[in-house]
1. Can you tell me the orientation of helix 200-223 relative to the chain, as the angle in degrees between its alpha-carbon axis and the longest Cα principal axis, to the nearest 10?
2. Mind putting a number on the dipole of the chain about its Cα centre? Charges go on the C-beta only, +1 for Lys and Arg and -1 for Asp and Glu, and I need it in Debye to the nearest 20.
3. If you roll a 1.4 angstrom probe over the protein chains with everything in place, what fraction of the accessible area of segment 184-314 belongs to carbon and sulfur, to the nearest %?
4. Under Stokes-Einstein, with the Kirkwood radius over Cα pairs standing in for Rh, what whole-number D in µm²/s applies to segment 202-245 at 10 °C and 1.306 mPa s?
5. Note the angle between two axes, namely the Cα long axis of helix 92-110 and the longest principal axis of the Cα atoms of the chain, as a number of degrees from 0 to 90, rounded to the nearest 10.
6. Taking the simple approach of a point 7 Å from Cα along Cα-to-Cβ for both residue 87 and residue 227, what is their distance in nm?
7. For segment 194-314, what is the largest minus smallest coordinate of the Cα atoms on each principal axis, given in angstrom and ordered from greatest to least?
8. Quick check of the Kirkwood formula: for the chain, what is the inverse mean of 1/r over all pairs of different Cα atoms, in Å?
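The values are calculated or read from the model by the stated rules, or taken from the named source; none is laboratory data. Note that the coordinates shown come from a computational prediction; the quantities given were computed from them, not determined experimentally. Heads up, the Cβs are rebuilt from the backbone with ideal geometry, glycines too, and the neighbour counts pull from every protein chain shown. In case anyone asks, the SASA skips ligands and DNA or RNA and just uses the protein heavy atoms, side chains included. Shrake-Rupley method; radii C 1.70, N 1.55, O 1.52, S 1.80 Å.
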Amino acid sequence: LNKYITGTDEAALAKALLIGYRVDLDKDLVQAYSNAGVIHLIVIAGLHLGLIYILLIWVIGKIPGIKKSKVISFILIFLCLWFFALLTGASPPVMRAVVMFSFIAFGKLFYKKASVFNSLAASAFILLCFNPFILWDAGFQLSYFAVTGIVIAQRYIYNWLYIKNKILNEAWKIASVSLAAQVFTLPALLYYFHQMPLLFLVSNIIAIPLAMFTLYGCVLLVAISSVTPAVYLGKLLTGSIWLLNHAVLFINALPFSLWTGFSLSVTETVLLYGIFISFLYWLIKKNSFALKFGICGALLFTIMITLNKFNFSK
């Protein structure tokens with residue numbers, strides 16, 4: 001990566017995207033990614049393992065003799081996922097993601113339609129058996145909130161709009177994933193980090209395709225690094241990373257890109273989750289009780305926030 005990708009920031013981001021090596025990343029650039037709501041791109045976790053998982057399924061599906069054997073396919077996917085996890089340093093977010101995807105792959109070995117919820121629950125149970133205190137880790141909570149939100153709500157959010165144009169439809173798919181994840185992680189984000197990126201949808205629509213292209217390109221670059229085309233691929237990746245960085249920096253520079261100053265208690269955070277889930281259930285199931293519960297919860301939440309501000313101003 002250092003040999004073929006020119007530019008300090010570009011090479012540093014390539015290493016962060018592929019193997020989670022963030023030592024060379026500029027602190028201001030990392031903060032810009034955080035403020036724009038795309039910090040998940042440079043933290044090796046579910047997104048990266050998901051892309052690797054998809055790539056492995058595609059590659060193994062092209063290999064004659066192996067693609068017909070579920071057992072061999074599972075073993076190869078399992079070994080490659082864990083090799084990648086160890087290669088990136090086996091950090092807690094990576095371990096959470098690799099255990100989740102290992103259970104998803106294991107579930108598909110026995111069932112035609114494996115339950116993602118069972119895989120999520122089983123992976124969480126294994127991690128909690130290993131370290132019960134990880135339950136209170138912010139990364140653990142955000143990982144499972146995000147995946148649960150995507151599994152539950154993404155399909156329904158995507159169906160809100162019907163778009164004939166293929167490019168716009170793909171952009172809406174990315175937006176629906178980001179919305180689903182954001183709904184389920186927002187209360188926790190406000191509680192732990194006291195801020196909310198307002199342009200996360202725009203950031204993700206632009207950044208995720210570029211990050212996917214760069215990640216797959218970096219994998220290919222490592223694979224062909226000993227042959228001449230690697231030079232041209234390195235230049236192409238340098239350009240894509242430069243575009244990604246500057247898009248994030250531009251969004252971060254906008255005066256309305258970040259909303260700060262939040263301070264929620266545990267009770268208010270739990271109540272906010274109840275409100276979001278109630279409204280989401282109403283939108284999906286058209287349940288009137290869920291709507292009433294959400295409205296009452298929102299009223300109670302407003303009263304609590306108002307009282308807190310009033311007491312603070314005394």
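1. Value to nearest ten degrees: 20.
2. Roughly 1140 debye, rounded to the nearest 20.
3. 76 percent
4. The estimated diffusion coefficient comes to 148 µm²/s.
5. 80 degrees
6. 1.8 nm
7. Computed over the Cα atoms, the extents are 66, 41, 22 Å.
8. 21.4 Å
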